[in-house]
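Just below is one structure, and these are the notes that go with it.
The values are calculated or read from the model by the stated rules, or taken from the named source; none is laboratory data. Computed from a predicted structure; not experimentally measured. Note that each Cβ is placed from the backbone with ideal geometry, even for glycine, and that neighbours are counted across all protein chains shown.
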Amino acid sequence: MTTKNTAGWVRSWGASPQSAHDGIGSLEGYPPLADVTLRQVVRLSGGGSRVRVRLTNEFGTAPLTVGAARVGLALPGGGVRPGSERVLTFAGAPGATVPVGAPLLSDPVDLPVPALAKLSVSLHVPGRVETCTCHDPALETGWTIPGDAVAAPALPEGALVLPVRALISAVDVLPDVPAGAVVVVGDSRTDGAGSTPDTNHSWPELLAARLVERGMANSYVSNQGISGNRMLHDGIGVGALARFDRDVLATPGLGRVVLSVGGNDLLISAVPHDGPLADFLKMFPGDPVTTDDVIAGHLQLVARARDRGVLVYATTIAPFEGADLYTPEGEDARRTVNEWIRTSGAFDAVLDFDAVWRDPAHPGRIRDDLHAGDHLHGNDAGYRALADSVDLSLFA
């Protein structure tokens with residue numbers, strides 16, 4: 001099987017959209033988004049000569065009006081590099097209305113961007129956003145500014161930090177050479193929970209940097225992790241099986257898929273739902289699932305990806321002993337699924353993240369120097385270890 005390279009658009013950055021009500025609650029208590037400019041920064045994985053931005057109202061309850069929008073190369077602290085500013089249009093108009101439940105692609109703009117560049121995206125929202133489609137949390141600082149400030153070269157006074165990715169879900173670029181997208185679908189460990197904000201230290205972002213450093217800049221990486229996500233049930237974000245077409249298979253330039261899901265399904269199914277974590281577990285509806293269910297889910301994702309003619313890789317599920325959700329039953333399930341991932345031959349390659357993170361003296365635990373203090377998520381060093389463990393020849 002060969003991957004698809006394309007001379008057309010390729011996704012260079014992505015963040016899976018979700019409802020503000022189905023996240024970790026970062027917008028609770030935040031001022032309403034009404035007559036404000038959202039200025040957000042994204043780090044591209046690959047470069048090109050043209051850029052387009054994908055807006056999202058996919059979880060909105062009313063049409064979303066965008067009055068004006070601009071992009072440019074970001075400067076630290078919310079500024080935009082002089083000379084790089086470009087006005088975004090939509091079917092030639094300076095603004096647009098995004099229907100309920102829909103995304104909206106901007107018109108392309110000529111803007112040379114190098115690999116790993118940080119792009120500033122500014123949107124003026126003149127009305128009130130009743131239900132914000134977002135990605136929670138952001139892990140890269142953005143801001144809301146009163147009024148229409150899309151043309152402001154520096155961050156004006158009165159800006160508030162925006163704790164989510166709001167109303168944008170992707171940036172596509174037109175590469176100078178044929179390139180393909182690597183899409184990673186996963187949960188909080190893919191999303192980068194536990195890493196230092198504003199450093200781009202999720203393992204998919206670190207993998208993108210490794211590829212560029214090794215001269216393999218024709219493989220772009222899109223991180224489609226959602227913190228708290230599961231494969232088989234909705235809850236915190238739509239389940240991976242349900243969002244796979246939108247977040248993965250519809251990706252421009254798709255060439256490879258990395259599956260890093262199923263761990264939360266196993267953990268949450270094994271925890272008693274009438275115990276001390278009962279209130280927390282209300283965010284995770286649905287009947288318990290078995291190891292066979294998670295294996296079947298992987299096989300479904302593989303089959304759907306291969307219908308697109310792309311390579312499919314999988315990661316093993318890293319340890320979690322010591323975390324609040326740990327149970328011996330969940331650990332047994334994790335090991336069973338990992339053994340299947342390693343030995344089944346269902347995937348074109350396996351990234352053994354369990355082997356990278358586990359403590360040799362306590363194989364059910366993450367090494368103390370690699371987790372964020374919760375025995376569940378990586379720290380910067382932990383995510384670096386995952387990215388460094390990946391065989392880059394898989395992306396050649």
### Summary
Those residues of the stretch 13-45 that are among the hydrophobic types (A, V, I, L, M, F, W, C) and free of Cβ contacts under 8 Å to residues at least 40 places away in the same chain come to a total of 0
## Note on the structure
For the stretch 315-344, pairs from a residue that is assigned by TED's automatic domain parsing to the domain that holds residue 189 and of a type outside the set (D, E, K, R) to a residue that is surrounded by fewer than 16 Cβ atoms within 10 Å (Cβ to Cβ) and assigned to a helix (DSSP H, G or I), with Cβ under 8 Å and 6 or more apart or across chains, are 316/342; 316/355
### Message
Anything in the stretch 352-373 that is under 17 Å from residue 267 (Cα atoms) and surrounded by fewer than 16 Cβ atoms within 10 Å (Cβ to Cβ)? List them, or say none.
### Response
363
### Message
Taking the criterion of being within 23 Å of residue 207 (Cα to Cα) and more than 16 Å from the chain's Cα centre (by Cα), would at least one residue in the stretch 81-92 satisfy it?
### Response
no
### Task
Those residues that are crowded, with 24+ Cβ neighbours inside 10 Å and more than 15 Å from residue 202 (Cα to Cα), I need them from the stretch 221-233; list them, please.
229, 230, 231
### Query
Quick check: is even one residue across the stretch 147-161 crowded, with 23+ Cβ neighbours inside 10 Å and either in a strand (DSSP E or B) or not assigned by TED's automatic domain parsing to the domain that holds residue 97 (or both)?
no
#### Entry: Test for residue 350: is it assigned to a strand (DSSP E or B) and of a type in the set (A, V, I, L, M, F, W, C)
yes
### Query
With (1) surrounded by fewer than 21 Cβ atoms within 10 Å (Cβ to Cβ); (2) touching a residue at least 24 places away in the same chain (Cβ under 8 Å); (3) under 27 Å from residue 212 (Cα atoms); (4) not charged (D, E, K, R) as the list, and residue 80 as the residue in question, which single condition is left unmet?
(1)
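Results for (1) touching a Leu at 6+ places or on another chain (Cβ under 9 Å); (2) among the basic types (Lys, Arg), shown as yes or no for each residue.
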| site | (1), (2) |
| --- | --- |
| 35 | no, no |
| 38 | yes, no |
| 43 | yes, yes |
| 52 | yes, yes |
| 59 | no, no |
| 63 | no, no |
| 68 | yes, no |
| 75 | no, no |
| 78 | yes, no |
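Look through 157, 205 and report the one residue that is of a type in the set (Asp, Glu), modelled with pLDDT of 95 or more and farther than 30 Å from residue 99 by Cβ.
205
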### Residues that are farther than 25 Å from residue 206 by Cβ, part of a strand (DSSP E or B) and either within 18 Å of the chain's Cα centre (by Cα) or not assigned by TED's automatic domain parsing to the domain that holds residue 87 (or both), drawn from the stretch 106-137
133
### Query
For residue 211, which of the numbered conditions (1) within 19 Å of residue 370 (Cβ to Cβ); (2) in contact with a Phe, Trp or Tyr (Cβ under 7 Å, 6 or more places away or on another chain) fails to hold?
(1)
